[in-house]
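Accompanying notes for the structure given below.
Nothing in this text is a laboratory measurement; each read-out follows from the coordinates by a stated rule. Remember, it's a predicted structure, so these values are computed and weren't measured experimentally. All Cβ positions, even for glycine, are placed from backbone atoms using ideal geometry, and neighbour counts span all protein chains on display.
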Amino acid sequence: MNPSRRRFLTGLSVLAVAPLLAACGDDGASSSPAGGPTGSGAPEKAAFPATITHKYGETTLRAAPKRVVCVGLTEQDALMALGIVPVGVTYWFGDKELQGVYPWARDKLGTAELPTVLDSTNGVEIEKVAALAPDLIIGQYAGLTEKEYDLLSKIAPTVAQSGDYSDYGMPWDEMALNIGTAVGRPSAMQAVIDDVHAQIAQAAADHPGFKGQTAAVITPYEGLFLYGPEDPRSRMLIDLGFSLPTLVTEAEDSDFGVSVSAERTADLADIGVAVWLDLESDKAVKEVFEKTTAYDEGRWFDISEDDGSYYVAHSFVTPLSIPYLLERYVPQLAAAADGDPKTDPPAVKA
């Protein structure tokens with residue numbers, strides 16, 4: 001039986017999906033409720049009112065927000081792509097001291113204060129959100145419950161995750177466009193999205209060998225977990241030309257991913273490329289994988305917490321993190337997919 005997405009994302013202490021979620025939230029350098037606007041760029045003509053449909057109905061925004069709180073795990077990047085620094089972000093994993101502003105977004109911070117950091121280990125910190133006095137609450141890469149949504153909506157207009165996908169399963173570009181619409185800059189966000197799409201398409205065109213091969217992102221978790229077609233990491237592989245293996249596509253209820261026993265690691269023998277997250281964390285899984293032809297032929301690599309911000313970027317999949325990711329990820333994929341066991345995936349600079 002597959003774990004629920006929210007439990008999976010918030011219950012792990014080692015894996016890339018949530019390696020540090022068990023840590024306490026970091027208040028860090030916070031913006032006071034009396035602070036001024038944190039955005040840049042005027043809203044586009046006729047941008048408001050804007051109505052966004054989501055899992056729990058519709059939310060209508062009537063003016064450009066000045067204080068945005070992110071209760072999902074990655075929304076800050078889309079906001080910062082437009083020069084808008086949120087007053088609150090939700091910590092997922094990586095270096096807590098960065099306060100949700102990673103290297104790919106650092107130059108977008110400008111002179112703004114770093115956001116207050118919220119912790120979602122036990123659900124949304126409603127009182128802390130309220131204390132930030134937001135006029136917009138965003139939860140796109142999220143698993144907001146209806147109760148949480150109702151409570152948040154009493155604080156400020158709240159845009160929850162889409163009901164068209166599994167929680168945490170909405171494509172990055174649709175999330176970004178919703179965020180751009182909510183802040184009154186949909187055309188500017190579409191331009192950002194189009195540029196990132198072009199970079200992904202160019203990477204795929206530069207590596208035609210990816211097409212026709214299978215690939216999967218895999219992590220040791222209660223045996224083995226393979227990310228499903230609605231997970232952003234899998235979507236990235238597909239966008240680059242790969243197909244997911246039948247171990248995922250033929251499983252029932254596999255949108256988020258598939259859990260199998262450690263012994264089933266042997267079924268990865270014929271996979272085109274195995275992208276591991278924290279392979280070293282489970283000796284039993286590693287020992288089984290080391291006996292497969294995929295291992296012998298070098299059709300794999302491992303991304304671990306030691307890879308720092310690259311490790312985070314691989315899971316974020318946002319308008320700002322994707323270019324940073326492609327620069328590091330694609331050469332590793334190419335080395336693993338080239339059919340030459342002597343080609344080692346290059347080390348990456350975090």
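A protection proxy built from the mean count of other Cβ atoms within 10 Å ranks the segments 55-67, 81-93, most packed first, as 81-93, 55-67. Hydrophobic long helices, here whole DSSP H runs in the chain with Kyte-Doolittle means of at least -0.5 and Cα atoms spread over 20 Å or more along the helix axis, are found at 186-206, 321-337. Relative to the Cα centre, the charge distribution of the chain, modelled as +1 at Lys and Arg Cβ and -1 at Asp and Glu Cβ, gives a dipole magnitude of about 1060 debye. In the chain, the DSSP-assigned H stretches of four residues or longer account for a calculated mean residue ellipticity at 222 nm of -8500 deg cm²/dmol, using -39500 (n - 2.57) per stretch and the full residue count as denominator.
Per the Debye formula on identical point scatterers at the alpha carbon atoms of region 198-337, with no solvent, log10 I(q)/I(0) at q = 0.21 Å⁻¹ is -1.41. Checking the a/c ratio against 1.5 first, then a/b against b/c, what shape does the Cα gyration tensor give for region 81-141? Since a/c reaches 1.5 but b/c is at least a/b, the shape of region 81-141 is classed as oblate. Taken over the chain, the percentage of Cα pairs per 10 Å bin, counting from 0 up to the bin with the maximum distance, is 6, 26, 34, 22, 10, 2, 0.
Ranked by the mean number of other Cβ atoms within 10 Å per residue, highest first, peptides 243-255, 137-149, 296-308 order as 137-149, 296-308, 243-255. Among beta bridges identified by DSSP and lying wholly in the chain, the antiparallel ones come to about 35 percent. The peptide list 309-321, 185-197, put in order of mean Cβ contacts within 10 Å with the highest first, becomes 309-321, 185-197. Values of log10 I(q)/I(0) for region 37-189 across q = 0.09, 0.14, 0.19 Å⁻¹ run -0.23, -0.59, -1.18, by the Debye formula with one identical scatterer at each alpha carbon and no solvent.
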